[in-house]
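Take a look at the structure below.
The values are calculated or read from the model by the stated rules, or taken from the named source; none is laboratory data. Just so it is clear, the structure is predicted and the values come from calculations on it, not from any experiment. Glycine also receives a Cβ, built like all others from the backbone with ideal geometry; neighbour counts cover every protein chain displayed.
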C-alpha cells in the first residue's frame, strides 16, 4: 500500500499526469517491482501507458539501448525506475528537449521510494527557490567540512538549477525522490572528502578523499571508485576525471542517510560533489559515468560570505 501511495505521489503531484496523456514507464529486472507498481497506478490515471523493461546497465550515466532512447521521445511523460542512472545521458536530454517531461529514479528501492516520496514537494520547491536566490550570481563557492574538505569551485556565468520534483510542463525534468539545487562548475581546486554515501559502497565506513586541480580529479583514495573512473577513461580520457557537479540537499524530510545516493544526496544539511559527465546539467563534458559523493556537516561560502543551508525537519 505504501508503495502504491508513493507511486501515486510521483505520478500525480510530481508529474501532474492527466487523463489522455501518454506515459512511458522504463525499468529493469532489478527495479521491476517498482516499475510495475508505477505502471499499475498510471493506468488508473490515464489509458495510454507502456511498460518497457530492459537489462540493467553496467554503469551510472551509461546510455540506454537505442530503442529505449527512441521511445522516450514519443511520450508526454516518462519515468525511469532503473538500477543504473540514465539521468546524465543524451537520451534523457534529447527526450526533455523534445518536450517530454520526465523523472529518473536511479537505484530506487522500496525503502527509498516510500521514504522519499512522502515529502511535501511544494515546500521543497520553495526551499530550492530561496536557496537559488541566495546563491545566484556568485562567482566562487568555497566548501569545507570537519572531515577535511576544503575546495573552491569557480562558477563563471553558469547558473544554478533546481531539482524540486514538480514536473508539470513540457520539458520539465527531475530526479525522484527530489530535493536539491546544483551547478556544474567551470573549474575547481582543492580537496573534498566524502564521508556520507557513495556507490558502490553505500554508507561509508571510511571517508574517501579526492584531490582536484584545474577542474579534474588527480587523486582518489578508494580503489573501487578509482577503477570505475579508470575504465571510463579508456573511452573518454581525462573527461572521466571531470569535476562535474556541486549539489546542496533541500529535502527537509530526509533526516538521516540510509546508504542510497538517490535519497541521501537530497538530505537537507548535506552537500554532494560528483565527477564525470556534466553535459546534462549545464556543463560541456561528456563521460559514461556520473559519480556522486555525499558530504556531511558542510559549510559553504559564496564569494566569501557564509551561506545558511537548509536544516532537516526535527
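Worth a mention:
- Residues of the range 200-219 classified as in contact (Cβ under 8 Å) with a residue 24 or more places away in the chain, buried (at least 16 other Cβ atoms within 10 Å of the Cβ) and at negative phi, total: 7
- Number of the exception - residue 18 against (1) more than 20 Å from the chain's Cα centre (by Cα); (2) in contact (Cβ under 8 Å) with a residue 24 or more places away in the chain; (3) assigned to a helix (DSSP H, G or I): (3)
- Residue 95 being modelled with pLDDT of 95 or more and out of contact with any strand residue (DSSP E or B) (no Cβ under 7 Å at 6 or more places or on another chain): no
- Options 56, 106, 64: the member that is assigned by TED's automatic domain parsing to the domain that holds residue 22, free of Cβ contacts under 8 Å to residues at least 60 places away in the same chain, in contact with a strand residue (DSSP E or B) (Cβ under 9 Å, 6 or more places away or on another chain) and part of a loop (DSSP other than H, G, I, E, B): 64
- Of the residues making up the range 110-135, those that are within 20 Å of the chain's Cα centre (by Cα) and over 18 Å from residue 14 (Cβ atoms) number 5.
- Whichever residue in the range 286-307 is at pLDDT 95 or above and part of a loop (DSSP other than H, G, I, E, B) and, among such residues, is surrounded by the fewest Cβ atoms within 10 Å (Cβ to Cβ): 304
- Among the residues making up the range 18-31, a single one is under 17 Å from residue 106 (Cβ atoms) and surrounded by fewer than 16 Cβ atoms within 10 Å (Cβ to Cβ): 29.
- Residue check, residue 222 crowded, with 16+ Cβ neighbours inside 10 Å and farther than 24 Å from residue 89 by Cβ: yes
- If you go through the range 34-70 and pick out every residue that is under 30 Å from residue 228 (Cα atoms), exposed (fewer than 14 other Cβ atoms within 10 Å of the Cβ) and more than 20 Å from the chain's Cα centre (by Cα), you end up with 5.
- Meets criteria (touching a residue at least 60 places away in the same chain (Cβ under 8 Å), out of contact with any strand residue (DSSP E or B) (no Cβ under 8 Å at 6 or more places or on another chain) and either more than 26 Å from residue 122 (Cβ to Cβ) or in a loop (DSSP other than H, G, I, E, B) (or both)) for residue 253: yes
- Against the list (1) within 22 Å of residue 202 (Cβ to Cβ); (2) at pLDDT 95 or above, the condition residue 254 fails is (2).
- Taken together, 249, 259, 283 contain a single residue that is crowded, with 24+ Cβ neighbours inside 10 Å and under 20 Å from residue 106 (Cβ atoms), which is 249.
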